[in-house]
Amino acid sequence: GPLSKLDECLERVVAAEVAGELGLAASAEIEVQAVVSRELQGLLRSFGTADQLPKRELTLQELRENGVEAASLLSPEDTTLDHVRKGLLAIVALIGTVLIVALHPTWFELFRIIFAGFLALLVDQVVTQGVLELVVVDSIARVLDPEYRIRVSQHEAGHFLVAYLLGILPKAYTLSSLDALVQYQSPNVQAGCVFCDGDFRREVASGSLSGRSLDRFICVALGGVAAEYVRFGQARGGLTDIQQIESVLQSLGFDQRRASAEVRWAVLNTVSLLRRHADTHLQLSEAMARGAPIGECIALIEQDLCSSA
């Protein structure tokens, strides 16, 4: 059907980007837009139709009156991976101690082992920017900590749903560092959602970003932390999302007051969207956790929103 064709087009976009063929990727993205406008026009009834809050400057007190504690959303701190790293170091130290006691290596052999380990860590940090360590730690965390897995899927489903409701088409998603490494074949790509946002990138490159585009960008970037906040009362992942927002606002020359006003409105707008569509978000996160293709995720959103309308 049309959604299967959309999946095929999106896969071509991603494949072209992975191959570094940016011209081909741009052409494939235009094809995606054509499929959406022609063949899916009657099917994507919820795409870009979100009821948003009127744009105005909000205080922290007004956020609290609407049940939003900004600090719990905008200051994410995830200690899961740090705990896994410390656990791994403790295990390595224990194994090393046991081997030393059992094998009685010479000082030279011990130095060679330590040097080899140090060199491996150095190569990972310099050549792959620490991606191999991240893949190992993230994979172990996903096995040992079910809550971590759930949080990641809820987080990325927040990005996905907010983007879709605001009229930005999700292009692909990954929920683990290993999946991201396999899909994009690059150590510089993190797990998460990516979008058909060529228009936004062109606006940023030209230095003339419209207010509508900026609002949508900030809301989508906040979708992950907002989803965690709505579900758990505290965001843990998403620090890079917050830093990305700060970087864009700084590059646009926003002072602290104006930047805070933009973010506060976007926080309440995004949280309101996710509260309104909490059931859809939960079902979407479950579909993404089992690896559903983009088309299936879109069909789920449309079916759920239409049935609840």
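Key figures
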| item | result |
| --- | --- |
| Qualifying residues in the range 165-198 (those that are of a type in the set (Gly, Ala, Ser) and not in a helix (DSSP H, G or I)) - the one surrounded by the most Cβ atoms within 10 Å (Cβ to Cβ) | 191 |
| Of all residues making up the range 7-36, the number that are within 13 Å of residue 183 (Cα to Cα), surrounded by fewer than 19 Cβ atoms within 10 Å (Cβ to Cβ) and not aliphatic (A, V, I, L, M) | 2 |
| Helices (runs of 4 or more DSSP H) within the range 23-132 that include 2 or more residues modelled with pLDDT of 90 or more | 60-65, 70-74 |
| Where residue 85 falls short, out of the listed (1) under 30 Å from residue 168 (Cα atoms); (2) surrounded by 13 or more Cβ atoms within 10 Å (Cβ to Cβ); (3) among the basic types (Lys, Arg) | (1) |
| Contacts under 8 angstrom Cβ, first residue in the range 274-290 being under 19 Å from residue 177 (Cα atoms), partner polar (S, T, N, Q), 6 or more apart | 285/153; 285/154; 286/153; 288/153; 289/153 |
| Residue 214 being touching a Cys at 6+ places or on another chain (Cβ under 7 Å), under 24 Å from residue 55 (Cα atoms), among the hydrophobic types (A, V, I, L, M, F, W, C) and assigned by TED's automatic domain parsing to the domain that holds residue 250 | no |
| Residue within the range 253-270 that is polar (S, T, N, Q) and under 15 Å from residue 154 (Cα atoms) present | yes |
| Candidates 232, 195, 200 - the one that is among the aromatic types (Phe, Trp, Tyr) and either under 17 Å from residue 268 (Cα atoms) or not assigned by TED's automatic domain parsing to the domain that holds residue 291 (or both) | 232 |
| Some residue of the range 50-62 being over 24 Å from the mean Cα position of the chain (by Cα) and more than 28 Å from residue 269 (Cα to Cα) | no |
| Single residue of the range 208-238 satisfying the filter (of a type in the set (A, V, I, L, M, F, W, C) and touching a Pro at 6+ places or on another chain (Cβ under 6 Å)) that is modelled with the highest pLDDT | 225 |
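The values are calculated or read from the model by the stated rules, or taken from the named source; none is laboratory data. What you are looking at is a predicted structure, and each value in this text was computed from that prediction instead of being measured. Don't worry about glycine lacking a Cβ; one is built from the backbone with ideal geometry, like all the others, and counts go over all protein chains shown.
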